[in-house]
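Quick notes on the structure that follows.
What follows draws every value from the coordinates through simple rules; no lab data is involved. Since the model is a prediction, treat every value here as computed from it, not as a measurement. So basically every Cβ, Gly included, is an ideal-geometry build from the backbone, and we count neighbours across all protein chains shown.
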Amino acid sequence: MNVENDKKFALLIDADNISPKYIDIILTETVNYGVASIRRIYGDWTDNAKRSWKECLLLNSLTPVQQFSNTTGKNASDSAMIIDAMDILYSNHVDGFVIASSDSDFTALARRLKEDGKMVIGMGESKTPMPFIKVCDQFKTLDVLFESKRNEDKAAGESIENADKKGGNAGGRKSSAKSGAKAAGEKDSDVQPITSLATIQKAVMEIIDEQTEEGDFLQLSKLSTSLQKRYPDFDYRVYKFSKFSQMLKSFSGIVLTMRGTEWVVGRKGTETMPSDVQRMVAEILDEQLKDGEWMPVGSVLDAIRLKEPKFNYHNYGFSQFHKMLKSVPGLEFRQKNSQVRRKNA
């Protein structure tokens with residue numbers, strides 16, 4: 001990581017409605033965007049309910065900002081956070097802000113920060129009001145990410161436990177594996193992503209249709225950017241996928257393939273062999289076959305690459321070369337030996 005080139009962010013946490021159990025996720029997600037050069041957390045630290053936060057302030061280099069709760073039922077930290085954010089904005093020492101809160105009161109603040117060209121990353125629970133989510137450049141759903149991480153730890157712990165049982169050491173790590181997966185007495189959560197996977201799939205189809213000509217492909221990076229603009233809360237991890245491409249492959253109407261050195265995505269049925277390649281195949285079969293003879297599919301591919309060394313069937317949306325050949329009219333195949341010839345030869 002080149003710190004000199006990293007963007008600087010001000011991390012502002014509302015301790016009144018963000019649980020300390022999310023601190024690891026908050027800091028990890030912030031690092032993905034740059035350096036949290038300012039780390040402040042706001043709350044009434046005379047309140048015993050904040051005791052759990054106090055334990056991790058020093059460990060994570062968080063600067064506590066005291067805000068007494070003068071009015072019952074009113075979040076006193078909001079005004080302090082807003083004032084500090086504007087002071088930081090005018091000092092122009094950061095490239096963006098991370099606002100960790102599930103409170104819609106920060107909607108206007110986020111909008112104002114964006115008006116000055118600052119990137120705004122929101123973080124909160126799935127109960128966060130939609131206006132605050134929509135105004136952020138990106139929004140991280142902490143409770144869903146926390147549950148996903150906990151399930152991963154549980155699966156990892158069970159794998160270790162099973163491995164130890166096979167190795168004759170069932171008792172050695174059993175308790176630690178379980179404790180690492182879930183705290184004692186903690187119930188399974190039913191938290192759900194803010195935007196459903198079905199909505200994301202529909203949006204993917206719409207974006208492909210809007211940004212490509214019929215039968216063409218869209219760069220994966222462009223799709224990801226467009227999807228994030230539509231749904232700031234989008235994160236493939238909340239749908240239990242480890243990669244964006246893995247999520248796309250689960251969609252029935254999508255084809256994902258390599259074009260040159262980058263991944264591209266399109267609707268299924270967009271795989272086509274260009275007319276110049278079709279003519280090349282016809283010429284190869286006419287040149288190398290006598291009437292009634294068959295040619296191995298692999299030999300056809302070798303012959304094409306002799307003519308065009310950079311030829312790659314993946315660039316046209318095909319996962320296998322024989323599937324590409326089958327899109328060419330006028331050919332017939334003998335399945336046993338994967339051979340091909342012209343029809344009526």
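For the stretch 275-342, the Stokes-Einstein estimate of translational diffusion at 4 °C and a viscosity of 1.567 mPa s comes to 107 µm²/s, using the Kirkwood hydrodynamic radius over alpha-carbon pairs.
Exposure proxy ranking for 137, 14, 286, based on other Cβ atoms within 10 angstrom of each Cβ and starting from the fewest, stands as 286, 137, 14. With R₀ fixed at 25 Å, the C-beta to C-beta distance from residue 333 to residue 308 puts the FRET efficiency at about 0.65.
Each of 320, 306, 330 was scored by the projection of its Cα onto the charge dipole of the stretch 275-342, and the greatest displacement toward the positive side belongs to 320; charges sit on the C-beta of Lys, Arg, Asp and Glu. Once the stretch 199-345 is represented by equal point scatterers at the alpha-carbon sites, with solvent omitted, what log10 I(q)/I(0) does the Debye formula produce at q = 0.12 Å⁻¹? Rounded to two decimals, the profile gives -0.60. When the pairs 8/222; 310/343; 114/140; 7/149; 134/229; 268/323 are compared against a 21 Å limit on Cα-Cα distance, 8/222; 310/343; 7/149 fall above it. Residue-wise HN-Hα couplings along the stretch 97-114, as the Karplus relation 6.51 cos²θ - 1.76 cosθ + 1.60 with θ = phi - 60° gives them from phi, are 10, 10, 10, 9, 6, 9, 9, 6, 5, 8, 4, 5, 4, 4, 5, 5, 5, 5 Hz; Gly and Pro carry x.
Taking amide H as placed 1.01 Å from N in the peptide plane, the amide H of residue 254 sits under 5 Å from that of 268, each at least 5 places away or on another chain. Only the Cβ atoms of Lys and Arg (+1) and of Asp and Glu (-1) were treated as charged; on that basis the dipole of the stretch 197-267 about its Cα centre amounts to roughly 380 debye. Under a 5 Å amide H cut-off, with hydrogens placed 1.01 Å from N, residue 331 pairs with 343 among residues at least 5 apart or on other chains. The HN-Hα couplings worked out from phi for the stretch 300-313 by the Karplus form 6.51 cos²θ - 1.76 cosθ + 1.60 (θ = phi - 60°) are 5, 4, 4, 5, 5, 5, 5, 7, 10, x, 8, 4, 8, 5 Hz, whole numbers, x standing for Gly and Pro. Rounded to the nearest 0.05, what FRET efficiency is calculated for residue 87 and residue 27 with R0 set to 25 Å and r the Cβ-Cβ distance? Step by step, r from the Cβ atoms, then E = 0.65. Sorting the segments 145-152, 224-231 by their mean number of nearby beta carbons within 10 angstrom, highest to lowest, gives 145-152, 224-231.
Here the Karplus curve 6.51 cos²θ - 1.76 cosθ + 1.60, taken at θ = phi - 60°, turns the phi angles of the stretch 21-27 into couplings of 5, 8, 4, 4, 5, 4, 5 Hz, with x standing for Gly and Pro.
Based on alpha-carbon centroids, what's the gap between the stretch 36-70 and the stretch 289-305 in Å, whole number please? Result: 72 Å between the Cα centres. Remark on residue 41: its backbone amide H falls under 5 Å from those of 13, 63, 65, a criterion applied only to residues 5 or more positions apart or on other chains, H modelled at 1.01 Å from N.
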